[in-house]
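Notes to accompany the following structure.
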Amino acid sequence: MPFIANTEQQQNEMLSQLGLSMADLFADIPSELRCRGFDLPRGVSEQVVRQRLLEMAHKNSTELTCFLGGGFYDHFIPAAIDSLVSRSEFYTAYTPYQPELSQGTLQAIYEYQTMICRLTGMEVSNASLYDGGTALYEAMTMAMRITGRNKIIIDDSVNPIYRVMIDSYTRNLNIELRQTCNDDGLANREEILQNIDNETAAVILQNPNFFGCMDDFSDLAAAAHEKGALLICSCYPISLGILKTPSEMGADIVTGEGQSLGLPLSFGGPYLGFMATRKKYIRKMPGRIVGQTTDTKNRRGFVLTLQAREQHIRRDKATSNICTNESLCALRALVYLSLLGPKGLQQVAQRCADKASYAYQRLTALPNVKPRFHQKWFFNEFVLDLPCEAADVIAKLIEKGFAAGFPLSRYYKGMENSILIAVTEKRTKQEIGMLAESLEAVL
């Protein structure tokens, strides 16, 4: 079947009704810009297509032992997640506009929101956003709506991928974006405090930050609140199994990337952005929100509520143009957290931290390998300085079967020799030892 299902006869009937020819439909496009044809090969059989795709897929290095992080992590995914999420009731569900037909989907989203609130310590959550970066941008614009201000302070220890996204979104907007330079791997308190004033809408920080360093932002939250500004905290959800929650630090809006909650890396997506905030700000929060209610027979039910998207109200009153949520990805996160439970999540987080500590000790014991920062506390990532360019070392280690880390020179000047290494619960003592031996061999 051709891609356009209309037959030639049907096309002619429609053109006749319009009183136009096919050429008339494209009259506004200059002739030099029109497509002259598609240089496509002739069709082949399913068997040949499958064989070619497999050949292409085998070019990917899918068997590498992964020590790569930077916001996206190789965590263990229980088999039950795929089994449950692939049920047709979930897998084919779409926008739950009609609650009488969508109770299962709505309840799943509601339970997901509850999980995010418990995880972050916040009071309300939305139904999810596209990914961690867009969630952070939406939190920033939410803070501007709440405060009526347009000055944003963000430390460069926040994930640089997120910062690039924020820069792209805000380039043509009336936003004063101030970036501070990290202080030995932590948020630069002195510079942040100097920049907070009565025009500041929010301070954006991350814990653990992009370098893996852990921090407590309680003092910065208090300083921001004193000037009428908000604190936005981006966080790594697995770390919340053992770390102080953003709510306990005084954060007003919490966002993060939910990929680590049962989603595979999948060559870059789809992923899951989460957002939670305090109840008093719920009407300023973007995206969908599912609420619990009762019907006319006093039976519990679930509905979309407080819908402030431009599809539902006047555009100038809308909170955001975010028009969807990642329900299937959110369901994976819900199933993952349900399977682990509080104790299980704590154990996973502790194993990540313990194995990262062991890897740090093994690798810093190598000649000419030194820690970049002098902070004692990190979660499951750390930065090392090598005696040569990190990108070259990483390329050599790929040949030895390791995705060894992230070259920080990609986003940070003066860090050509610095590598960010991540360790999850999947990595074994043997794999860490083999990485150490391989690294020593290529240096």
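The values are calculated or read from the model by the stated rules, or taken from the named source; none is laboratory data. Since the model is a prediction, treat every value here as computed from it, not as a measurement. With ideal geometry, Cβ positions are generated from the backbone for all residues, glycine too; neighbour counts draw on all protein chains shown. Remember, those area values only see protein heavy atoms, side chains included, never the ligands or the DNA or RNA. Shrake-Rupley method; radii C 1.70, N 1.55, O 1.52, S 1.80 Å.
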Please give the contour-minus-distance gain from residue 24 to residue 374: 0.36 nm per residue of separation, less the Cα-Cα distance, rounded to one decimal in nm.
119.1 nm
Taking Rh as the Kirkwood radius computed over C-alpha pairs, what is the Stokes-Einstein D of the stretch 29-98 at 10 °C in a medium of viscosity 1.306 mPa s, expressed in µm² per second?
87 µm²/s
Candidate aspartates and glutamates for bridging to residue 400, where Cα separation is under 17 Å - those fewer than 8 sequence places away on the same chain excluded
63, 392, 431, 437, 440
Along Cα→Cβ, 7 Å out, is where each label goes; now give me the distance between the ones at residue 434 and residue 190 in nm to one decimal.
4.6 nm
Which chymotrypsin sites (Phe, Trp or Tyr not before Pro) in the stretch 354-443 sit in a loop by DSSP (not H, G, I, E or B) and have at most 15 other Cβ atoms within 10 Å of their own Cβ?
377
Determine Rg/Rh for the stretch 130-210; Rg is computed over alpha-carbon atoms and Rh is the Kirkwood hydrodynamic estimate from the same atoms.
0.94
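On full extension of the chain, what length is gained from residue 278 through residue 413, given 0.36 nm per residue of separation minus the C-alpha to C-alpha distance?
Numbers: separation 135, 0.36 × 135 = 48.60 nm, distance 3.71 nm.
Between residue 278 and residue 413, full extension yields 44.9 nm more.
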Return the distance in nm (one decimal) between the two label points of a simple spin-label model at residue 164 and residue 347, each offset 7 Å from Cα along Cα→Cβ.
3.8 nm
Length released on extending from residue 296 to residue 6, taking residue separation times 0.36 nm less the Cα-Cα span
99.8 nm
With just the Cα atoms defining each centre, how far is the stretch 19-85 from the stretch 239-291? Give it in Å.
30 Å
Considering the Cα positions of the stretch 329-397, please state its Rg to one decimal place and its Dmax as a whole number of Å.
16.5, 46
Ordering 202-211, 284-293 by per-residue average of other C-beta atoms within 10 angstrom, highest first, gives 202-211, 284-293
Residue 388-residue 44 pseudo-label distance in nm [points 7 Å out on the Cα-to-Cβ vector]
4.0 nm
Using only Cα atoms, what is the ratio of the radius of gyration of the chain to 2.2 N^0.38 Å?
1.12
Under the span-like rule (Cα at least 18 Å along the axis, Kyte-Doolittle mean at least -1.0), DSSP H helices of the chain:
103-120, 132-147, 327-364, 429-442
On alpha carbon coordinates alone, what is the Rg over Rh value for the stretch 89-229, Rh being the Kirkwood radius?
1.04
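Anything over 29 Å Cα to Cα? Flag those among 343/376; 59/426; 151/413; 244/280; 284/426, in the order listed.
In this structure, 284/426 exceed 29 Å between Cα atoms.
Between residue 31 and residue 97, what is the FRET efficiency for a Förster distance of 56 Å, r being their Cβ-Cβ separation, to the nearest 0.05? Intermediate values should be presented prior to the final figure.
On the way: r = 44 Å, r/R0 = 0.78.
Efficiency, rounded to the nearest 0.05: 0.80.
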Across all Cα atoms of the stretch 163-238, Rg and the largest Cα-Cα distance (Dmax), in Å, are 12.7, 35
Estimated 222 nm signal from helices in the chain, with DSSP H stretches of n ≥ 4 weighted -39500 (n - 2.57), rounded to 500
-11500 deg cm²/dmol
Using a 1.4 Å probe on the protein heavy atoms, what percent of the accessible area of the chain belongs to carbon and sulfur?
50 percent
